[in-house]
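Values quoted throughout were computed directly from the atomic coordinates according to the rules given, and no laboratory measurement underlies them. Bear in mind that the values here come from a model prediction, so they are computed numbers and not experimental data. Cβ coordinates were reconstructed from backbone atoms using ideal geometry, including for glycine residues, and neighbour counts include every protein chain displayed.
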Amino acid sequence: MAIREKLSGNEAVATALRQVNPDVVAAYPITPSTEVVHYFSQYVADGQVDTEFIAVESEHSAMSACIGAQAAGARSSTVTSACGLALMWELLYVASGHRLPITLNVINRALSGPININNDHSDSMGARDSGWIQLYSENNQEAYDNYLMSLRIAEHKDVLLPVMTCQDGFITSHAIENIELLEDDAVQKFVGKYNPERHLIDGKPMSVGPYDTVQFYFEHQYQRAQAMIGAKKIILDVFKEYGDLTGRKYGLFEEYKMEDAERAIVVLNSSAGTAKFVCDKLRAKGEKVGVLKLRVFRPFPAAEIAKALSHVKAVAVMDKADSFSAVGGPVFADVRSACYDLKERPLMINYIYGLGGRDVPVENFETVYEALSEVIKTGSTDNFYRHVGVRGL
Amino acid sequence: MIYVKDANLNQSWNEVSAGGNIYEPGTSLQVNTGDWRIFIPKFIEENCKQCMLCFPVCGDSAIPVENEKRLDFDFKHCKGCGVCFKVCPFKAITWEEEVK
């Protein structure tokens, strides 16, 4: 029997961590993810988990400790935000390069500078090329579900890549919503035991992290790229199994009222809820609008997205992070690239929105849908790199 | 398991170990790092007093010792750093540019 609760996103993730009972958690507190570390260390102190909790001196050390522990056969997990993730940068690549299936909850927050503790996606979007699988969550339920599924995806023998599960700082992490939890034994049954084929302390010789020469490095990178390509199938298998268990069925992305949509918004994390609300309002007036909410950003489901957008006249891709490429944000770059091979491509524009916790009201999405009507009318995407919610525009 | 002893340049990407992990000990024995040298030490046996100052300072175990006597260099891992030349008080080791 599922448990009905009301939890914040941080409480949801801390609860999931307690239910998983990882072998090692190494973490350093940083707003807005601090609560997760706080709650979890309480579980450790109260003996509710038998996890080895390592209170490290930085996030660089947190990820290093997870790498060492995972290489020694321990299921390892951590949580961070913003500059904490940035400090892990070097080790993110080490974790995925050594094919260590570590799990990481990112409570999305803006990167400095200037320093800001509120939500946007500049932290995890910056890590999009680090060889980590990335799952995004609209609400606390998805944050909980994504984390539980992330272990099974990461540890699958055909994947062996670390997974970061993202939710919006404060908006999701600190807002209390209804949630349906699995019972502890159901979680244990679902995630199972972590049994790597080999590890550092299994009594046989092994080295992790030796120098990789010119003659072999490229082959190892190709392996990692292949693992990311192959991960899509495993992700769908795990989603299916979890859906059968919980009744909550997830896909690579969610298509909301997309069947006959002429205008569509592509968005991820909490703002998808606002986008759907505006979509419903406009649908009630007979307007053919839809929302495509991304869940899996790495591996990027390019072919599936292209198919889902192929019948749409105009698309606005929302980026809660700027890439400073001068031609749009990271989600836009990938979505637009995905549609390049379509025979008939939708017109496409990009909106940078909500940076540094700037409120993303209903009006933002109304503006975007209106702009899409204008794009269809004029047929022009000359000015495709846009911002919504900045003063003076 | 894929082992370093079987490593060769005909291996395709799916025949090398995941993440470059190594599943056997002492693999440095299989790797010739002696070809990194620019300078090379030479052992002048007639000057050697067997004082044993040289072999402990060698970072690459390139000075073999048997029956309490140092033998000629094992150049497989010698990088030509010249530390042995520097510590020898008896001019029993020279250190010159290696002509290849």
Can you give me the angle between helix A:140-155 and the longest principal axis of chain A, using Cα atoms only, in degrees from 0 to 90, rounded to the nearest 10? 50
Comparing A:N116, A:N269, A:N105 in a Gaussian network model of chain A (Cα, 10 Å), the one with the largest mean-square fluctuation is A:N116
Can you put A:R4, A:R128, A:R198 in order of Cβ neighbours within 10 angstrom, beginning with the fewest? A:R4, A:R198, A:R128
Round to the nearest 10 and give me the degree value, 0 to 90, for the angle of helix A:271-284's Cα axis relative to the longest principal axis of chain A. 30
How many times 2.2 N^0.38 Å is the alpha carbon radius of gyration of region A:128-225? 1.40
Give the residue list of trypsin sites (Lys or Arg not before Pro) in region A:313-344 that are DSSP loop and have at most 16 other beta-carbon atoms within 10 angstrom. A:K343
Mean-position separation - Cα centroids, region A:167-191 and region A:1-76, in angstrom: 14
For B:F39, the residues 5 or more places away or on another chain with a placed amide H closer than 5 Å to its own amide H are B:E98
Mind running the shape call on region A:253-388? Use the C-alpha gyration tensor, a ≥ b ≥ c as the square roots of the eigenvalues: rounded below 1.5 for a/c, prolate if a/b tops b/c, oblate otherwise. rounded
Give the distance, in whole Å, between the Cα centre of region B:8-66 and the Cα centre of region A:341-393. 62
Sorted by mean Cβ packing within 10 Å, highest first, what order do the peptides B:71-81, B:39-49, A:64-74 take? A:64-74, B:71-81, B:39-49
Using the Karplus curve 6.51 cos²θ - 1.76 cosθ + 1.60 with θ = phi - 60°, what ³J(HN,Hα) values do you get for each residue of region A:2-17, in whole Hz, with x for Gly and Pro? 5, 9, 8, 9, 10, 9, 6, x, 5, 5, 4, 5, 5, 5, 4, 4
To the nearest 10 degrees, how steep is helix A:59-71 against the longest Cα principal axis of chain A, on a 0 to 90 scale? 60
For region A:85-183, what does the alpha-carbon gyration tensor say about shape, rounded, prolate or oblate, given a ≥ b ≥ c as the root eigenvalues, a/c under 1.5 as rounded, and a/b over b/c as prolate? oblate
By the rule of another cysteine's Cβ lying under 4.7 Å, the cysteines of chain B that fail to get a partner are B:C48, B:C51, B:C58, B:C78, B:C81, B:C88
GluC sites (Glu not before Pro) within region A:149-252, DSSP loop, no more than 12 other Cβ atoms inside 10 Å: A:E183, A:E197
Suppose the chain between A:N178 and A:K281 were pulled fully straight at 0.36 nm per residue; how much longer would it get relative to their current alpha carbon spacing? 34.7 nm
Based solely on its DSSP helices, what 222 nm [θ] is calculated for chain A when runs of n ≥ 4 H residues each add -39,500 (n - 2.57) and the sum is averaged over all residues, nearest 500 deg cm²/dmol? -13000 deg cm²/dmol
Rank the residues A:T51, B:T33 as a footprinting-exposure proxy: fewest other Cβ atoms within 10 Å of their Cβ go first. B:T33, A:T51
Amide H contacts under 5 Å for A:S207, restricted to residues at least 5 apart in sequence or on another chain and with H modeled in the peptide plane, are B:I22, B:Y23, B:E24
Antiparallel bridges, percent of DSSP beta bridges restricted to the protein assembly as shown (to nearest 5): 30
Under the rule of -39500 (n - 2.57) per DSSP H run of 4 or more residues, summed and divided by the residues of chain B, what mean residue ellipticity at 222 nm is obtained, to the nearest 500 deg cm²/dmol? -1000 deg cm²/dmol
For a quick check of your reading of the filter: which chymotrypsin sites (Phe, Trp or Tyr not before Pro) in region A:86-162 sit in a DSSP loop and have no more than 15 other Cβ atoms within 10 Å? none
Sorted from fewest to most neighbouring beta carbons within 10 Å, what does the list A:V191, A:V331 look like? A:V191, A:V331
Could you estimate the translational diffusion coefficient of region B:33-100 from the Stokes-Einstein equation, with Rh from the Kirkwood formula over C-alpha pairs, at 37 °C and 0.692 mPa s, in whole µm²/s? 276
Once you treat every alpha carbon in region A:320-377 as an equal point and sum by Debye, what is log10 I(q)/I(0) at q = 0.17, 0.19 Å⁻¹? -0.69, -0.83
The protein assembly as shown: C-alpha pair distances exceeding 41 Å, %: 33
Along the charge dipole of the protein assembly as shown, pointing to its positive end and built from +1/-1 on Cβ of Lys, Arg, Asp and Glu, which listed residue (B:H77, A:P205, A:A14) has its Cα farthest out? B:H77
